[in-house]
Each structure stands twice: as C-alpha cells, then as structure tokens.
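Read through the structure below, which is laid out as structure tokens, and then see the notes.
The values are calculated or read from the model by the stated rules, or taken from the named source; none is laboratory data. Just so it is clear, the structure is predicted and the values come from calculations on it, not from any experiment. Cβ coordinates were reconstructed from backbone atoms using ideal geometry, including for glycine residues, and neighbour counts include every protein chain displayed.
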Amino acid sequence: MHLRRTALVATLSVVALTAAACGGGDEDTAAEPPVAEAPEFEEGTPMAEIAEAGTLRLGTKFDQPGFGLENLEGEVEGFDVEVAKIIAGALGLSPEDIEYVETPSAVREEVLEGDEVDMVVATYTMNDERAERIDFAGPYYQAGQQIMVAADNDTITGPESFMENPDATVCTVTGSTPSENIREYLASPDQLVLFDEYSQCADALGNGQVDAVTTDNVILLGFVSESDGQFKLVGEQFTEEPYGIGIQQGETEFCEFIHETLRENEEAYVEAWESTAGQVEGTETPELPEFDECA
C-alpha cells in the first residue's frame, strides 16, 4: 500500500491490511477482494493504462471515520477504501498496489483535472455542478445530511434551529455539498464556520468553538461513536446525498467498468460495509444503488 499526502508530499510504504473503520481494535476485517489474473483491456482505455502502470492512484479522505481514515499505523481504512480495493482487484491490482492521495473536499475536482489520481472515492456527492468538471460512476451509496451537537445541547434540534438561534454557529467543510445545503437554514452567513477537514470541525465542537457540525449522517455517526458520549445527532436527515466515484471527464469506458465490477461483487460490497462503516452503531447495511447512466 502506498500513502501520499498531497499537502506534505510524503510517501510511506506500509503493510497492506484490510482494517476496520475506526482505527483498529477488535472490529471485523473485510475479506481480501479477489484480484483478477492478467486481465485484458482495450489499448488506450483508462483500465489498460492503470493496469500497465501497476498502480491505482486513489484520492480519498484521511479524516472520515468509517469511510476514509488514516489510523495510528499510517494505514488508510474505511468503506471508501474497501470499495476502491474491489475495483483495483478487477484491474489485476492487489491492495498493496494502491497509492493513497489525501483528497479533502475542496480539491477533489482539482486532483482529477490535474491527473494526480485515477479516481476519487471520498464521500463524494454527485451533483450537476461537479459533473461539469469531472465524471461520476455510481452512486455506490446513498447518505443524507444531519446535525451533530454536544451531548448536553438541547437548543439545536435540527437545521431550523439556526434561524431561531442567530448566535449559534455550525461547522462544515470548504467546498462540500453540506456547506451549501445548510446556508438556507441560517439567519446570517456569519453562523457558518468552514474548515478543510471534518475532524477540525469535530475538534471545534469538542472545545466549544462552534455549536454544531453538519455533514452526512454516516460520517457524523463515526464521530459520535468515537466521542465517548461527548456528541450526539439531532433531528432527521434533511437531504439526499448520492456518493459517486469521481473519474476524469470522458472516461465512459472506465465508468462502465466500475459499474460492472461493483455489480459482480455485491457480496464483497456488503462485506466492505459491515467491516468498516457498518461497525458504527446506528448504521444499516445498504443495498447497492441503481447506477446512473455513464456519460
């Protein structure tokens, strides 16, 4: 497994383990995905180029419990990572052939446009604005936005509470769909606090710098599970967030290959969930969604 931080430009070689979502411990581990032996692809396709390179450059997050998290051993783990391993296996690549590139929300389109990665699997909501710059395969998961607050906070009960409490602040991530979705619920733009990573929002909530954090419910459940009772979710989810796999524009063959691979590996998909995000209390095992048509 190769790990590369775009910010630090450091590369680490680590043992390829398929670990559980929240940093090791006693959780189940996902079964190693099957690796195709010498698959053949049409020359010039993204699949042929990646297979020939012998490395899948994966953009993912390093701070998302259950989806993409760098653990204490320096390994990246989570549902997004396991989904990428399934795709890598169909390309004839094993987990140790994946190069991990830390990809916060604000730079997901940039790393694809700059050919820094082959695909982005990073709690990446599919929408029309992003599809003007990149293409999506999927969706492979359906999430929904919700609110997280301190366990003793009874004032904020959902997104409508910010209009009723104009001094309350809510944190989310720059360049994310949640940062746009929450704006209509605010009494003032000053209520919105933006950071580069959701872990910074969770830290700010923990030390009282902000009153709430908003993003997709499954991400927040990961932070709640790690908070030792310090955080809780409030209200119902108020959006639908289809997670897609970002690829470079025009890569229709790659999109169709990803769809076919996931359809043929639904059992591995379920195992990937149950060994990662599914370990978090309150989550439900998803069914593979119906895919959008490849552009």
Item to check | Pairs, first farther than 24 Å from Phe254 by Cα in segment 276-295, second of a type in the set (Val, Ile, Thr) and at pLDDT 95 or above, C-beta under 6 Å, six or more apart | outcome: Gly278/Thr285
Checklist entry - Mind checking whether some residue in segment 203-226 is charged (D, E, K, R), under 28 Å from Glu132 (Cβ atoms) and not in a loop (DSSP other than H, G, I, E, B)? => result yes
Checklist outcome for this item: Scanning segment 162-199 residue by residue, those of a type in the set (S, T, N, Q), under 21 Å from Gly144 (Cα atoms) and without any contact (Cβ under 8 Å) to a residue 60 or more places away in the chain turn out to be Thr169, Thr172, Ser179, Asn181
Next on the checklist: Being within 24 Å of Glu70 (Cα to Cα), surrounded by 15 or more Cβ atoms within 10 Å (Cβ to Cβ) and either of a type in the set (Asp, Glu) or over 16 Å from the mean Cα position of the chain (by Cα) (or both) narrows it down to one residue among Ala202, Ala277, Ala272; which is it?
Outcome noted: Ala202
Next on the checklist: Looking at Ser179 and the list (1) closer than 29 Å to Glu116 by Cα; (2) in contact with a helix residue (DSSP H, G or I) (Cβ under 8 Å, 6 or more places away or on another chain); (3) crowded, with 19+ Cβ neighbours inside 10 Å, which single condition is not satisfied?
Outcome noted: (2)
Next on the checklist: For the structure I just gave you, tell me whether Gly246 is assigned by TED's automatic domain parsing to the domain that holds Thr60, in contact (Cβ under 8 Å) with a residue 24 or more places away in the chain and in contact with a Phe, Trp or Tyr (Cβ under 7 Å, 6 or more places away or on another chain).
Outcome noted: yes
Item to check | Enumeration of residues in segment 80-108 that are in contact with a Phe, Trp or Tyr (Cβ under 7 Å, 6 or more places away or on another chain) and over 20 Å from Phe257 (Cβ atoms) | outcome: Glu102, Arg108
Item to check | Among the candidates Glu109, Glu82, residue that is within 21 Å of Asp135 (Cβ to Cβ), of a type outside the set (Gly, Ala, Ser) and at pLDDT 95 or above | outcome: Glu109
Checklist entry - Which numbered condition trips up Glu256, out of (1) touching a residue at least 24 places away in the same chain (Cβ under 8 Å); (2) part of a loop (DSSP other than H, G, I, E, B)? => result (2)
Checklist entry - Can you find even one residue in segment 76-92 that is surrounded by fewer than 22 Cβ atoms within 10 Å (Cβ to Cβ), on the phi > 0 side of the Ramachandran plot and either touching a strand residue (DSSP E or B) at 6+ places or on another chain (Cβ under 8 Å) or not polar (S, T, N, Q) (or both)? => result yes
